[in-house]
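The values are calculated or read from the model by the stated rules, or taken from the named source; none is laboratory data. As the structure is a computational prediction, the values presented were derived from the model and not from experiment. Here the Cβ positions follow ideal geometry from the backbone for every residue, glycine too, while neighbour counts run over all protein chains shown. For the accessible areas, the whole protein counts, side chains as well, though only heavy atoms, and no ligand, DNA or RNA atoms are used. Shrake-Rupley method; radii C 1.70, N 1.55, O 1.52, S 1.80 Å.
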Amino acid sequence: MRKYQQIVNLLENLKLKGMIPNLDSEITEAEEKKISYLSFLDLLLKAEIDYRTERRLKRNLAGAHFPVEKDLDDFKFARVKGITKSDLSSLLDFLWLDNHSNLLFFGPPGLGKTHLSIAIGLKAIQAGYTVCFERVASLIKLLKLTDIQRKAGFRVNRILKADLIIIDEIGYTPIERKEANLFFNLISELYEKASVIITSNKKFDEWAEMMGDEVMTVAMLDRLLHHSKVFNLSGKSFRIHKEEED
């Protein structure tokens with residue numbers, strides 16, 4: 001027992017905690033089945049890899065700040081025009097993410113733009129990418145507080161380091177000119193370094209009025225559209241349809 005505890009202590013000191021939970025059972029099985037030293041080591045190393053993978057997944061999921069979790073299997077493609085199952089299937093190889101391309105989802109409220117963005121974000125995390133989700137109002141608040149609030153600064157730094165940034169609900173609330181400048185600076189910083197998913201109920205030609213600066217808006221759209229896939233969604237609101245069914 002003393003030797004066993006010494007081994008556990010060594011594993012903890014070496015930060016190999018993934019080996020510890022199943023160590024006793026693995027030792028017993030190795031002794032009973034006369035497993036080779038090499039096979040025994042292989043089992044322990046795989047346990048450590050699985051442990052680290054699970055921890056990284058949980059950490060990235062928590063860091064994403066998704067308001068809810070959404071599944072692509074629940075998306076009603078039959079009720080929405082502008083995106084197909086085939087389109088979605090091609091997106092899930094994440095070649096666009098590796099190339100720092102963007103996804104832009106446009107359309108009226110209730111079509112599932114947020115659903116799609118969160119579901120794709122979850123798949124990206126499962127594939128090993130880091131993701132950050134923010135509604136645009138919350139994002140702008142963070143940008144305004146970065147220099148005076150440590151928590152906001154940490155969050156913005158995480159956003160800047162993420163592989164994928166999802167910015168939801170652009171167009172639902174007005175944006176002041178100073179706020180629009182902060183947003184533009186963020187998009188410029190992310191340009192060709194990370195991928196962005198945008199959801200918006202406003203068409204491109206309405207963005208200048210929303211941002212209050214036509215020149216800046218054109219420059220921002222130029223960066224967003226340079227490497228992007230644009231999906232213009234149309235159809236009947238899921239929420240209205242549900243109310244009618246009820």
Separation between Cα centres of region 78-130 and region 167-214, rounded to whole Å:
19 Å
Bins of 5 Å, beginning at zero and ending with the bin holding the largest distance: percent of Cα pairs per bin for region 57-212, please.
2, 9, 18, 22, 21, 16, 9, 3, 1, 0
Hey, got the dipole for region 1-136? About the Cα centre, +1 on K and R Cβ, -1 on D and E Cβ, debye to the nearest 20?
440 debye
What is the percent carbon and sulfur in the accessible area of region 1-73, measuring with a 1.4 Å probe over the protein chains and ignoring ligands?
55 percent
If you fit an axis through the alpha-carbon atoms of helix 214-226 and take the longest principal axis of the Cα set of the chain, what angle between them do you get, 0 to 90°, nearest 10?
40 degrees
Rg ratio (alpha-carbon, reference 2.2 N^0.38 Å) - region 65-141
1.11
Taking the chain as the reference, fit the longest principal axis to its C-alpha atoms, fit the long axis of helix 136-145 to the helix C-alpha atoms, and give the angle between the two in degrees, 0 to 90, nearest 10.
80 degrees
Given C-alpha coordinates of region 135-246, what is the ratio Rg to Rh with the Kirkwood estimate of Rh?
1.01
Cα convex hull of region 100-184: mean projected area in nm², to one decimal?
6.1 nm²
Can you give me the Kirkwood hydrodynamic radius for region 1-112, using every pair of distinct Cα atoms, in Å to one decimal?
18.8 Å
With everything on Cα atoms, drop me the angle between helix 113-126 and the longest principal axis of the chain, reported from 0 to 90° to the nearest 10.
20 degrees
Simple Cβ-charge dipole of region 1-54, Lys/Arg +1 and Asp/Glu -1, about Cα centre, in debye nearest 20:
220 debye
